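Please treat every number below as a calculation from the coordinates, not as lab data. Remember, it's a predicted structure, so these values are computed and weren't measured experimentally. A quick note on method: Cβ atoms are made from the backbone with ideal geometry, for glycine too, and the neighbour counts reach across all protein chains shown.
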Amino acid sequence: MKDLAKSFIHVIPRSMLAIRHGMRESAREQFSVPQFRVLAQLWAQSQTNGELADHIGVSVPAMSRLVETLVRAGLVGRVPQSHDRRQVLLSLTEAGQKRFLSLQQTTQMVFKQKFSQLNADQKKKLAEGLSILEDLFT
């Protein structure tokens, strides 16, 4: 039997790269890569400007400019924190959620096409494996 840890480390990053590539391709005409990355981070959870800058690897002032563009487009909203008014939490607006969901659905269609090449037994094994991974990592 293969070394599962070695196979996992090899396959999962390639899978994630394919997902990111698919979503970026879908978003290319609508967003820059940094804008898309901000939307993806905020889809996962609301964050402060500093947290976003840290995750994406840009300066806080650069992130502020990037976020301002998305706020003006109506995709990101700012929520001042009651415990510290200097802290502002950024989150996707309803329009931002819809736009990001649309990108996800487009990417899912790409993977549906890819998975359609598998036979029934392979699909079943893949579904079982994904279920096991989900259980391991949640």
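The residues neighbouring GLY57, those whose beta-carbon lies less than 13 Å from its own, together hold a net charge of -1 under the Lys/Arg +1, Asp/Glu -1 convention.
A dipole drawn for segment 4-136 from +1 and -1 charges on Cβ atoms has a positive end, and of ASN49, GLY74, LEU89 the residue lying farthest that way is GLY74.
Put a dot 7 Å past the Cα of PHE8, heading toward its Cβ, do the same for ALA127, and the two dots end up 2.3 nm apart.
Summing Cβ point charges (Lys, Arg +1; Asp, Glu -1) relative to the Cα centre of segment 4-136 gives a dipole of roughly 320 debye. Given R0 = 41 Å, the distance between the Cβ atoms of VAL110 and ALA62 translates into a calculated FRET efficiency of 0.85. A quarter of the convex hull surface defined by the alpha-carbon atoms of segment 4-136 gives 10.4 nm² as the mean projection.
Counting other beta carbons within 10 Å of each residue's own, what order do LEU39, LEU118 fall into, fewest first? Mind showing how you got there, number by number?
On the way: LEU39 22, LEU118 12.
The most exposed by this proxy come first: LEU118, LEU39.
Springs between Cα atoms under 10 Å define the GNM used for the chain, and in it the highest mean-square fluctuation of VAL11, VAL76, VAL33 occurs at VAL11.
Relative to the dominant Cα principal axis of the chain, helix 60-72 is inclined by about 90°.
For the chain, the longest principal axis of the C-alpha atoms and the axis of helix 120-136 are separated by about 50°. Checking the cross-link filter: which lysines have an alpha carbon closer than 17 Å to that of LYS125, excluding same-chain neighbours under 8 positions apart? Here the lysines satisfying the reach criterion relative to LYS125 are LYS2, LYS112, LYS114. Mean sequence separation of contacting Cα pairs (under 8 Å, at least six apart), scaled by the length of the chain, corresponds to a relative contact order of 22 percent. What is the angle, in °, between the Cα long axis of helix 4-27 and the longest principal axis of the Cα atoms in the chain? Nearest 10 is fine, range 0 to 90. The helix 4-27 is inclined about 50 degrees to the chain.
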